[in-house]
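Below is one structure, written out as structure tokens; the observations come after it.
The values are calculated or read from the model by the stated rules, or taken from the named source; none is laboratory data. From a predicted model like this one, the values you see are computed outputs, not experimental measurements. Cβ coordinates were reconstructed from backbone atoms using ideal geometry, including for glycine residues, and neighbour counts include every protein chain displayed. Heavy atoms of the whole protein, side chains included, go into the accessibility calculation; ligands, DNA and RNA do not. Shrake-Rupley method; radii C 1.70, N 1.55, O 1.52, S 1.80 Å.
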Protein chains: 2
Amino acid sequence: MTTTIAKNNTATVMGGPTPENAPRVIIAEVRPHLSSGRYAIKRIVGDRLLVTADILKEGHDTLAAEVRYRALPDGDWQHAPMIFSFDDDEWSGEIPLGKVGTTEYTVAAWTDRYASWAEELRRKVGAGVNVTSEILEGEALVRDCASHAHGEAAKQLNAFAAQLRGAEDGTAAVRVALSPELSALANANEQRDDLTAYRQPLRVIVDRELARFGAWYEIFPRSQGKIPDQGSTFIEAIERIPAVKAMGFDILYLCPIHPIGHTNRKGRNNTLTPGPDDVGSPWAIGNLDGGHDAVNPDLGTIDDFDTFVQATRDAGLQIALDIAIQCSPDHPYVREHPEWFRRRPDGTIKYAENPPKKYEDIVALDMWCDDYVNLWNELRRVFLHWVNHGVEIFRIDNPHTKPIAFWEWLIAEVQRDYPGVIFLAEAFTRPKRVQELAKVGFTQSYHYFTWRNTRLELEEYLTDLTQTAQTEYLRPNFFTNTQDILTEYLQTGGRPAFKVRVALASTSSPTYGVYSGFELLENTPLLPGKEEYLDSEKYQVRVRDWQAPGNIVGYIRRLNEIRHENPALHLWTNLAFHDADNEAILAYSKVSPDEANRLLVVLNLDPFNAQSAWIRLDGAALGITGDSYYMMHDLLTGGRWPWQGLAGWVRLDPQGEPVHIFRLEQY
Amino acid sequence: MTTTIAKNNTATVMGGPTPENAPRVIIAEVRPHLSSGRYAIKRIVGDRLLVTADILKEGHDTLAAEVRYRALPDGDWQHAPMIFSFDDDEWSGEIPLGKVGTTEYTVAAWTDRYASWAEELRRKVGAGVNVTSEILEGEALVRDCASHAHGEAAKQLNAFAAQLRGAEDGTAAVRVALSPELSALANANEQRDDLTAYRQPLRVIVDRELARFGAWYEIFPRSQGKIPDQGSTFIEAIERIPAVKAMGFDILYLCPIHPIGHTNRKGRNNTLTPGPDDVGSPWAIGNLDGGHDAVNPDLGTIDDFDTFVQATRDAGLQIALDIAIQCSPDHPYVREHPEWFRRRPDGTIKYAENPPKKYEDIVALDMWCDDYVNLWNELRRVFLHWVNHGVEIFRIDNPHTKPIAFWEWLIAEVQRDYPGVIFLAEAFTRPKRVQELAKVGFTQSYHYFTWRNTRLELEEYLTDLTQTAQTEYLRPNFFTNTQDILTEYLQTGGRPAFKVRVALASTSSPTYGVYSGFELLENTPLLPGKEEYLDSEKYQVRVRDWQAPGNIVGYIRRLNEIRHENPALHLWTNLAFHDADNEAILAYSKVSPDEANRLLVVLNLDPFNAQSAWIRLDGAALGITGDSYYMMHDLLTGGRWPWQGLAGWVRLDPQGEPVHIFRLEQY
């Protein structure tokens, strides 16, 4: 009987509790979580986070629980009550996410001694049991609450205690015991002597709205002039801003703007024999004029950049900057920090490559070199440098070729002081690497959208992205094209293909983007079967005629207007598919949480032939029944069709309008 | 550039790495796991555990990985190689579970520098690139391996290094580089300079075979005599053992065997007015003769108990003992440890109750009293006392009315020194409490089986139990009846109902049990609509005629024979349902992993009427196709029917045989 716990018992090794640290209340699981708290989930400021927990205790006591939360790193703890949501020991509570940054949340639970006693009293009186002793217990419990209460509350509690003692019978005692006033006072003042917190704090990254909803437009600043083949400066590029804004974009994304290397500079169309006037790839970063913290003198000075950023802001746009962690052989790092590069046995630096692909104009930093801590700190300095020049959105080139742990650290470091900063991962790599980069902190990610073209592909792809646990952390950014990706569908499908893909990107995902030239239907590949553009802007200045015949500038402007006007398009997980009896027709809906805004998008994926179909609507998803009458208002054309019930017929001609964006309106 | 990491940075608070502790290889998740390692999974000795992991690294290097495992608390670490199982960054390896106890497992991964170099060389040579520099690198790499190798291996590696340098062209170099001898030598001796282990060790509880496969038979030792109403002793009960063994049971489970209280002793049929000869409930534990470590003198001495245990063992059976953590008011604890009980304000001890139910003959221990650590240690002493008397299986009464953390600690404490000990939870409570008790260590659990009777109920119920993550930790024990549960189906369905339920229990679950009297078709409730037995053995001695007419002793014996002879019935997750065009007919199969043993069980759930049905077989589950010919051999009756293809017809008459247990045999 006097055995004491052996100090060296292996219960701890086995992972379990010792009697001394045994939890009084079991909080088995708190949701949502990613890998039990290893990673943070993501939300948007203004969202309310529903937190649920399985909370258990032996026996029959009544429990109470609350969500506790605070803004990291040092906000005050706040709490929100939880309610027992159904008869399977699940509790739930909601917390407001009012501040951009990381919020920590956890759950605490305890025995509600007073409520437990009152419930037992009620059941016993109901069963006709003598409750004299129970009333004495209750009186003592209420007096104990009074002893921890102050002023008027203490007085009231003592008065209730006397009422309990004086109750003429059990029924009268139950009436006093269950009175809302006494219950509230007791709950507020009773001792939470077995209060237990969840074993693991969880985290939610709260981003600004732009992290979920935004339209991106990519430009090369040097191509924004008016004279063919002649590069433009930041100051000249300012003239282009109003047109981008007029198309309805939210974010103006710039390819790298740093000095470009001369050694092994690429010529036009990725050739290795550049002429003296060839401008080189902006991703071959660094020369005698500077590295990642410098501006290419051809574009102007850092002051000119600041002026450009300010002009963008004044127009109501935000700047995103491309950061590629790699160096031209002429980069200052190569001279100043030879220890940051991997060398061959013959003493030369290793070039970046992915055999048989070669990138002759860039060398890779060795992110795990012996001096990597200083390298990482320098890279953090670079990011903070651009934040200080007004860049709050970064598009990260090939993040999957740098350590995942580096990004986790870097993003946390930047967001600690600048929690609004957005990181978009250009992670065209295998799914689990894309997911892991998102889990460790990337705000958004490029994704496989460009390569999903058939109805079956799109339905599977979008269902996986919008209806699985990935929605807790992965926000895809649906680019229709990039400077590297001109898909076969666009190469061959002509104007209808461009319209379908941009309508699909902009209505299925709240975040999407286009690389400039898309609106001009640029569709010539370098070689048949390749996704590289002919005369790629990566290797030469491309001055365009933005009013070229056949352009879809107006179409894109209308799509962006529709996006802004319809809150259903601002969300991601509200996507639902509807069946069509023609495989060329894709139909999906988005409905706002209050159901006030209901859209049905129908696309003809065939860019060559008119297609028609009966759409069988999922009534639950759209809030309609077989008896419903409603007007289908096409927001693209203004056309209106009265529909009834759960089916409707469409015909879409690619030579006319290959897409309907219907809003369901009152008949 | 010389910035150092701020010591107080909040990256750690945010949950992420610092550069200094950043993992080199990302092991994103290791499976199987329960709540990221908070709980152990369960397996059986002799099983092989398939461990998979998502392993990621930036760039294009070739990785290598292994599972590391050791018997806790202090076994030596061993390792098993992992292979890249498919193109989604998932690796897998298998470890043998050769020892009963808890095994810890984790995953370690590193860059296979040599293989990475060889693969790069192969791709470059294939692309026609000059590889002079690469060969120099490879030579250096192999020489480095040699410098860490010993004796012959070092010599061979140096010879290979020379061969590489001397290779006449790239193709020849590739031939040397990819030779199995060099690859193996390099892999074995290269430095694992970025070796990274998973963040969290995981655990698997390895139980003995009986934890998964066993048939239980419950008796009251005092009812094993031959003279009506006269109690039997352990020594007399020994005579009953051969019959239990002959029925094919594996485990003989005894209700509590301790001294029974006198205060508020219950009379027959749970009355409060016992006569002087009433024996009381064995669950009202403790009187002047002793408490939980004592034997009821009416049953004999502790030596007699030892004799009984030895006789059971000699017969090839194992003993399970019921432990109920509760006390008669006469228990020694009440006098010696008044601090272990909760008292009312009037000084009396609180009785156990669940209003309106009352248990007047027992008082509850206060498991969280101020002195609870000593109380828990005393209870551990009680369990170890019975282990020392040969009890290696405990059936725990109402575990959900004691702290879950207590069980986690207690089970770990007992299994630390006696890893073969089995704990069965009598947790008739809400699902998440049942699950949590299983997660924290209970080997098996009673479950809701008795209340699942219709085909739809059974299909849903068994699918949930056999096809979800619960199989990692929860092993239900399907009792057909207990001393507390006589279901309506048994009360009303007569002999066919008893046959159907025991066939269902014994073939759907590898672990099942019956409470004695079942084989005699005892089916009279205390009151209509109640599940209590009339003249319950809980409150009186019940001497039975084991050869009573109509008994199903032979039927149960045959079922247990079939169970032992057919390995498909030893497993749990191999259950698959087959459709029948009659709702009264339930059909399911079990197939052994090697597919050598294939059973199809078909039951008529209607105990009153003959029912027939076409069974539509799931060919994939049974390993048959529409072209298959096979013999359906009914193991109950010996009947044989040739079937062909994916459908077969059955007719089951409850007055004959309501169940087929078919073995699929060669035609």
Checklist entry - Whole-Hz Karplus ³J(HN,Hα) for segment A:352-365, in order, using 6.51 cos²θ - 1.76 cosθ + 1.60 and θ = phi - 60°, x for Gly and Pro? => result 5, 6, 9, x, x, 5, 10, 10, 5, 8, 9, 10, 8, 6
Item to check | Surface per residue (accessible, 1.4 Å probe) for the protein assembly as shown, Å² | outcome: 38 Å²
Checklist entry - Under a straight-distance cross-link criterion of Cα-Cα below 13 Å, which aspartates and glutamates are reachable from B:Lys499, leaving out those fewer than 8 residues away in the same chain? => result B:Glu519, B:Glu522, B:Asp606, B:Asp653, B:Glu657
Item to check | At R0 = 30 Å, FRET efficiency that the Cβ-Cβ distance of A:Asp627 and A:Ser592 yields, to 0.05 | outcome: 0.85
Next on the checklist: Let me check against my output: what whole-number percent is the relative contact order of segment A:383-502, with C-alpha pairs under 8 Å and at least 6 apart?
Outcome noted: 21 percent
Checklist entry - Using alpha carbons only, how many degrees (0 to 90, rounded to 10) separate the axis of helix B:151-165 from the longest principal axis of chain B? => result 50 degrees
Checklist outcome for this item: Between A:Arg344 and A:Asp653, Cβ-based FRET efficiency (R0 60 Å, step 0.05) works out to 0.50
Next on the checklist: Buried by at least 20 Å² relative to the chain on its own: which residues of segment B:41-71 qualify, computing accessible area with a 1.4 Å probe on protein heavy atoms?
Outcome noted: B:Asp54, B:Leu56, B:Lys57, B:Glu58, B:Gly59, B:His60
Checklist outcome for this item: Per its Cα gyration tensor (rounded if a/c is under 1.5, else prolate when a/b beats b/c, else oblate), the protein assembly as shown is best filed as prolate
Next on the checklist: Measuring nothing but label to label, 7 Å from Cα along Cα→Cβ, what are A:Trp614's distances to the other copies in nm, shortest first?
Outcome noted: 2.9
Item to check | Identity and axial distance of the chain A residue whose Cβ lies nearest the axis relating A to B, Å | outcome: A:Ser36, 2
Checklist entry - Rounded to the nearest 0.05, what FRET efficiency do A:Tyr448 and A:Asn130 have when you use their Cβ-Cβ distance and R0 = 60 Å? => result 0.25
Next on the checklist: Computing the accessible area with a 1.4 Å probe over protein heavy atoms, can you report the carbon and sulfur percentage for segment A:543-636?
Outcome noted: 50 percent
Item to check | Zone residues, segment A:68-90, relative to B:Arg430, backbone N less than 17 Å from point 7 Å out along Cα-to-Cβ | outcome: A:82-90
Next on the checklist: Could you give the length gained by full extension between B:Asp289 and B:Leu534, i.e. 0.36 nm per residue of separation minus their alpha carbon distance, to one decimal place?
Outcome noted: 85.2 nm
Checklist entry - Using Cα pairs under 8 angstrom and six or more residues apart, how large is the relative contact order of chain A, in percent? => result 10 percent
Checklist entry - From the label point of A:Gly316, set 7 Å along Cα to the beta carbon, how far off in nm is each other copy's matching point, shortest first? => result 8.7
Checklist entry - Using a ≥ b ≥ c from the Cα gyration tensor of segment B:39-82 (square roots of the eigenvalues), is it rounded, prolate or oblate, where a/c under 1.5 gives rounded and otherwise the larger of a/b and b/c decides, a/b for prolate? => result prolate
Item to check | Where labels lie 7 Å past Cα in the beta-carbon direction, separation of A:Phe84 and B:Leu272 in nm | outcome: 2.8 nm
Checklist entry - Where the label is 7 Å out from Cα toward Cβ, how close does A:Gly645 come to the same position in every other copy, in nm, shortest first? => result 3.8
Item to check | Folded to 0 to 90 degrees: helix B:372-388 orientation relative to chain B principal axis, Cα | outcome: 80 degrees
Item to check | Mean-position separation - Cα centroids, segment B:448-492 and segment A:128-200, in angstrom | outcome: 42 Å
Item to check | Under 16 Å from A:Lys99, Cα to Cα: lysines that are on another chain or at least 8 residues apart | outcome: A:Lys42
Checklist entry - How many angstrom lie between the C-alpha centres of segment B:367-390 and segment A:507-522? => result 70 Å
Next on the checklist: Checking the a/c ratio against 1.5 first, then a/b against b/c, what shape does the Cα gyration tensor give for segment B:236-357?
Outcome noted: prolate
Checklist entry - For B:Asp579, which sequence-distant residues (separation of 5 or more, or a different chain) have an amide H within less than 5 Å of its own amide H, given hydrogens modelled in the peptide plane? => result B:Arg616, B:Asp618
Item to check | Accessible surface buried upon A-B contact (total; probe 1.4 Å; Å², nearest 100) | outcome: 8000 Å²
Next on the checklist: Taking beta carbons within 10 Å but only from partner chains, what does the mean come to for residues A:137-144?
Outcome noted: 1
Item to check | Amide N proximity, segment A:243-266 versus A:Val382 label position 7 Å along Cα-to-Cβ, cut-off under 14 Å | outcome: A:256-261
Next on the checklist: Averaged across A:20-33, how many Cβ atoms of other chains sit within 10 Å of each residue's Cβ atom?
Outcome noted: 4
Item to check | Residues of type lysines that A:Lys226 reaches as a straight line, Cα spacing below 23 Å, ignoring anything fewer than 8 places off in the same chain | outcome: A:Lys245, A:Lys538
Checklist entry - How far, in degrees from 0 to 90, does helix A:404-417 lean away from the longest principal axis of the Cα atoms of chain A, to the nearest 10? => result 70 degrees
Item to check | Mean Cα-pair separation over length for segment A:84-225, i.e. relative contact order, pairs under 8 Å, 6 or more apart, % | outcome: 37 percent
